[in-house]
1. Looking for something modelled with pLDDT of 80 or more and exposed (fewer than 11 other Cβ atoms within 10 Å of the Cβ) - is there at least one such residue anywhere in the stretch 60-73?
2. Quick check on this structure: which one of VAL37, VAL20, VAL24 is in a loop (DSSP other than H, G, I, E, B) and either in contact (Cβ under 8 Å) with a residue 24 or more places away in the chain or under 30 Å from THR5 (Cβ atoms) (or both)?
3. What are the residues in the stretch 28-72 that are closer than 24 Å to SER18 by Cβ and among the β-branched types (Val, Ile, Thr), if any?
4. Determine whether the stretch 44-58 contains at least one residue that is in a helix (DSSP H, G or I) and more than 28 Å from SER13 (Cα to Cα).
5. Within the stretch 89-100, can one find any residue that is modelled with pLDDT under 80, among the acidic types (Asp, Glu) and in contact with a Lys or Arg (Cβ under 8 Å, 6 or more places away or on another chain)?
6. Pull up the stretch 6-40, narrow it to residues that are under 14 Å from PHE67 (Cα atoms) and among the small types (Gly, Ala, Ser), then point me to the one that is surrounded by the fewest Cβ atoms within 10 Å (Cβ to Cβ).
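The values are calculated or read from the model by the stated rules, or taken from the named source; none is laboratory data. Being a predicted model, the structure only gives us computed values, none of them experimental. Every residue, glycine as well, gets a Cβ built from its backbone with ideal geometry; the counts of neighbours run over all protein chains shown.
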Amino acid sequence: MQVSTHIIFSLISYKLASLVVGSVFAHMGYRLFMSGVWGSAGELEASFADNKLIFKKAAPGTFFAVFGAVIIAITLYKGLEFENYTKGKESFVEIAEEGDTSLPDTKKM
């Protein structure tokens with residue numbers, strides 16, 4: 001396999017693994033709700049910009065479900081982006097970053 005194929009395969013595997021882990025956490029939260037575990041697990045306070053998120057006396061399943069949803073949301077938000085560059089007879093593949101339009105430095109390779 002070429003290096004570009006390895007990079008693409010690695011990126012896809014990482015994204016799929018992240019989605020699976022997020023789904024497992026969300027499913028564990030759902031199972032805790034369905035099994036009737038309703039004791040208060042604690043409190044969570046998070047703030048970002050002008051917004052504030054507060055969980056007080058939340059069931060344990062809430063934390064698992066929210067954590068799983070956050071993992072899935074971040075994975076989907078970041079997307080699956082890579083750039084394929086060709087210079088002469090050589091081809092380069094790299095993970096794309098927002099706003100980066102420059103070609104890779106071929107002298108380091």
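1. No, because not a single residue in the stretch 60-73 is modelled with pLDDT of 80 or more and exposed (fewer than 11 other Cβ atoms within 10 Å of the Cβ).
2. Values: VAL20 fails: in a loop (DSSP other than H, G, I, E, B); VAL24 fails: in a loop (DSSP other than H, G, I, E, B).
Checking each option against the conditions leaves just VAL37.
3. THR62, VAL66, VAL70, ILE71, ILE72, listed by residue number.
4. Initially, the stretch 44-58 is screened for residues in a helix (DSSP H, G or I), giving none.
There is no residue in the stretch 44-58 that is in a helix (DSSP H, G or I) and more than 28 Å from SER13 (Cα to Cα).
5. Taking the stretch 89-100 as the starting set, the residues that turn out to be modelled with pLDDT under 80 are 89-100.
Within this subset, residues satisfying the condition of being among the acidic types (Asp, Glu) are 90, 94, 97-98, 100.
From what's left, in contact with a Lys or Arg (Cβ under 8 Å, 6 or more places away or on another chain): none.
No, the conditions are met nowhere in the stretch 89-100.
6. That would be SER23.
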